[in-house]
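Below you'll find the structure, written out as structure tokens, and then a few comments.
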Amino acid sequence: MPKIEATAIEKYQLLLQKDPNSQVFAPLAEAYREIGMLKEAELVVRVGVKRHPHFAAGYVVYARIARDLERFDDCLKLAQKATELAPENLMAHQMQAELHLQLKQPKQALKSFKMVLFLNPQSEKARKAVSKLESLTADEYDDEVFE
């Protein structure tokens, strides 16, 4: 986990104070999250995504905060919102894939990991997950497909 400098947080706070409509809410909320200030992070990001409902990175940060708060259903919805807004957002797809695994939803996890692999063909983790998940869901196919 990267070490967040207090000066960086102060800088983000000042920028947001000067311009409450700034998108700097996302890195500020992420910084709060990284140092364990989850309530503050959630407050900042909630206001930020209300002001910027089409800012995918804000939803990714919000999803991370929800994950850290162990609100996995919320996290999944927020990650899905990020991928709707920015279908190329690799981090949102990775988060979705991992959450689907955690929630024991292998079909959805497979779909998400395939998207991760499409966006990042070098992802060894996604490649392994796709291989494993395809074999786990193979029972849904007719035997003839495998002959």
The range 58-107, subset touching a Cys at 6+ places or on another chain (Cβ under 7 Å) and in the same structural domain as VAL24 (by TED's automatic domain parsing), residue surrounded by the fewest Cβ atoms within 10 Å (Cβ to Cβ):
ARG67
Which of the residues belonging to the range 36-45 are under 23 Å from GLN94 (Cβ atoms) and surrounded by fewer than 21 Cβ atoms within 10 Å (Cβ to Cβ)?
GLY36, LEU38, GLU42
If a residue has to be of a type in the set (D, E, K, R) and under 20 Å from GLN94 (Cβ atoms) to count, how many in the range 46-73 make the cut?
6
Out of the residues in the range 108-147 that are exposed (fewer than 15 other Cβ atoms within 10 Å of the Cβ) and among the hydroxyl-bearing types (Ser, Thr, Tyr), which is modelled with the lowest pLDDT?
TYR141
Find the residue count for the range 87-105, including only residues that are outside any helix (DSSP H, G or I) and at pLDDT below 95.
3
For the range 1-83, which fully contained helices (runs of 4 or more DSSP H) count at least 2 residues that are among the small types (Gly, Ala, Ser) and at pLDDT 95 or above?
25-34, 38-51, 56-68
If you check every pair at least six apart or on different chains, which have Cβ atoms under 7 Å apart with a residue in the range 15-34 that is not assigned by TED's automatic domain parsing to the domain that holds ALA63 first and a residue that is part of a loop (DSSP other than H, G, I, E, B) second?
none
Only one of GLU5, GLU84 is more than 28 Å from LEU119 (Cβ to Cβ), free of Cβ contacts under 8 Å to residues at least 24 places away in the same chain and not β-branched (Val, Ile, Thr); which?
GLU5
Taking the condition of being among the acidic types (Asp, Glu) and under 18 Å from the mean Cα position of the chain (by Cα), how many residues in the range 16-37 meet it?
2
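The values are calculated or read from the model by the stated rules, or taken from the named source; none is laboratory data. Keep in mind it's a predicted model, so treat the numbers as computed, not measured. Positions of Cβ are generated from backbone atoms using ideal geometry, with glycine treated the same way; all protein chains shown enter the neighbour counts.
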